[in-house]
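What follows is a single structure, written as structure tokens, with notes after it.
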Amino acid sequence: MSEKKTVSKKDFEKDLKRLEDIVALLEKGDSPLDESIKLFEEGIEKAAEMKKNLEEAKRKIELISKKSGLFSTEKFHEEEF
Amino acid sequence: MQAMDTIDKIYTVTELNNRAKLMLEKEFGSIMLDGELSNFKKYSSGHCYFSLKDAGGQISGVMYRFKAERLLFTPKDGMKVRAKGTVTLYPVRGSYQILVDEMHEQGMGELQKKFEELKKRLEKEGLFDKLRKRPLPSLPQKIGVITSPTGAAIRDILTVLKRRFSNVHVLINPVRVQGAEAPGEIAAAIEDMNSHFPDIDVLIVGRGGGSLEDLWAFNEEIVARAIFASKIPVISAVGHEVDWMISDFTADVRAATPSVAAEIVLGRKEELVNSVDAAAKRVRNALNKSLSGISDRLDAALRRPYLREPSLFMSRFTQGFDIAFESFLTAKDRMFEGSSEKIRTLEGRLNILSPLSTLARGYAIAEKAGGAVIKTYEDADSGERINVRLGRGALACEVLETKPALSAGREKI
């Protein structure tokens, strides 16, 4: 679980870099039209995917408890405030 | 006995003690008391009993558990302390005492000195090194919070979360944030988060505002070292805008309050959402721009006169033809001009060769009747009629005599 998360974080940074590259390429404006359209499609797709990743995380508030060296988490009741 | 009769009020012991208690409490209320600790004893209940004394006397002291928990030092006999509390009387024993709320090692200067010394030492060791400070994660999805689960800090953090509608996972590691136990618990929690929840993106360590004593745990070396050793980036968020804690210097980022810490973390994520949005917008714009570039070129082409007005297109050919024809004519003229020049030259040369010009100089040509030129005397006979052509006109002559040499005879005219 934690491994997967780390990878996806790395992927996210990679995606962000690629998106920035696409923007730069398109803004330079010297790619032929068909290539520009391909870049455009890739860029829009990437951006949508990244936004989805960003919004995907669920809002969750948990309290850690440690009993005889073992950790567990339970829901934190924030409404009690 | 007589004297006793004159006093009309007779007290019970309890009444007296209670009366004395009220008087003491009314007279002194809350006071500050300097003295030396002796007979210090902490009971299993958590309450502490001791005496405070100086050269001239002593007084019993009590510190109840919930106050003693907040002690920033471990009291020992002989320590010079300053206590804050209320003077009262314990009726069961009939002894008067001070109920201590707060107790510090003598003088606030001590704390300040400790702070400065630690700061200098850790700074020298490189714990505050700016180069060591890590950037906060680009994608903060899981946030660890080390604070009191009932304190102002967690409430403020969760309020910010609610307000921003942020979808994040918050893991709270509950610790005491004040009192002698706090530094150890905070440090252990930082270590535990690193070893058991390494997928946490960022740690917020802190508490709400309070007095310098309340915040003191964040000035302890053990906390600073745990922050320094943390693999997860740490934000120190001690609710005290003015003073910097040792934890503030050591952490990767210092937030003035826990709310600010939450804003920083969530702001980072929102920034990311915005930058993805902005990139997508730029991708669209860039394509639109290159498409409109193409359509401009197309428009410009369509606006060209030839396409708009075909006759103009034709006129170009017409005009071209005219130009070509004109130049053909010129070329032809020049060709003929060249020829006539040649002819004139040839004529000149012909004239030079013409016998007529020789005749013009006085020579004559004799021809037989048939027109054959007489070149020697043998070509003609005596009595033969010949024609002599001159520069101008001719003479019809009769040969009188033929002679082999010029001096020997002359044609008779």
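The values are calculated or read from the model by the stated rules, or taken from the named source; none is laboratory data. Bear in mind the structure is a predicted one, so any value in this text is a computation, not a measurement. So basically every Cβ, Gly included, is an ideal-geometry build from the backbone, and we count neighbours across all protein chains shown. Heads up: the accessible areas ignore ligands, DNA and RNA and are worked out on the full protein's heavy atoms, side chains in. Shrake-Rupley method; radii C 1.70, N 1.55, O 1.52, S 1.80 Å.
Quick one: in the stretch B:1-53, which of the residues that are assigned to a strand (DSSP E or B) and of a type in the set (A, V, I, L, M) is surrounded by the fewest Cβ atoms within 10 Å (Cβ to Cβ)?
Going residue by residue through the stretch B:1-53, those that are assigned to a strand (DSSP E or B) are B:30-42, B:48-53.
Add one more test, that the residue is of a type in the set (A, V, I, L, M), and what stays is B:31-33, B:37, B:52.
On the way: B:Ile31: 12, B:Met32: 9, B:Leu33: 18, B:Leu37: 21, B:Leu52: 25.
So, considering only residues that are assigned to a strand (DSSP E or B) and of a type in the set (A, V, I, L, M), the one surrounded by the fewest Cβ atoms within 10 Å (Cβ to Cβ) is B:Met32.
Taking the stretch A:50-73 as the range and being at pLDDT 80 or above, open to solvent by less than 90 Å² (accessible area, probe 1.4 Å) and more than 7 Å from chain B (Cβ to nearest Cβ) as the test, the residues that pass are A:Ser65, A:Ser72. Here the stretch B:264-282 is the region considered, the condition is being charged (D, E, K, R) and at the interface with chain A (Cβ under 8 Å from one of its Cβ atoms), and the residue that is most open to solvent (accessible area, probe 1.4 Å) is B:Arg282.
Within the stretch A:27-48, being of a type outside the set (Val, Ile, Thr) and more than 23 Å from the chain's Cα centre (by Cα) holds for A:Glu27, A:Lys28, A:Gly29, A:Asp30, A:Ser31, A:Pro32, A:Leu33, A:Asp34, A:Glu35, A:Ser36. Being assigned to a helix (DSSP H, G or I), open to solvent by 10 Å² or more (accessible area, probe 1.4 Å) and touching a Leu at 6+ places or on another chain (Cβ under 9 Å) is the filter here; which residues of the stretch B:144-194 pass it? If the condition is that a residue be assigned to a helix (DSSP H, G or I), open to solvent by 10 Å² or more (accessible area, probe 1.4 Å) and touching a Leu at 6+ places or on another chain (Cβ under 9 Å), then B:Arg164, B:Asn194 are the ones that fit.
Answer yes or no as to whether B:Glu123 is away from chain A (no Cβ under 14 Å), more than 32 Å from the chain's Cα centre (by Cα) and open to solvent by 60 Å² or more (accessible area, probe 1.4 Å). Give the derivation first.
Values: away from chain A (no Cβ under 14 Å): yes; more than 32 Å from the chain's Cα centre (by Cα): no; open to solvent by 60 Å² or more (accessible area, probe 1.4 Å): yes.
It is false that B:Glu123 is away from chain A (no Cβ under 14 Å), more than 32 Å from the chain's Cα centre (by Cα) and open to solvent by 60 Å² or more (accessible area, probe 1.4 Å).
Residues that are closer than 19 Å to B:Ser292 by Cβ and modelled with pLDDT under 80 were ranked within the stretch A:1-35; the one that is farthest from the other protein chains (Cβ to nearest Cβ) is A:Asp34.
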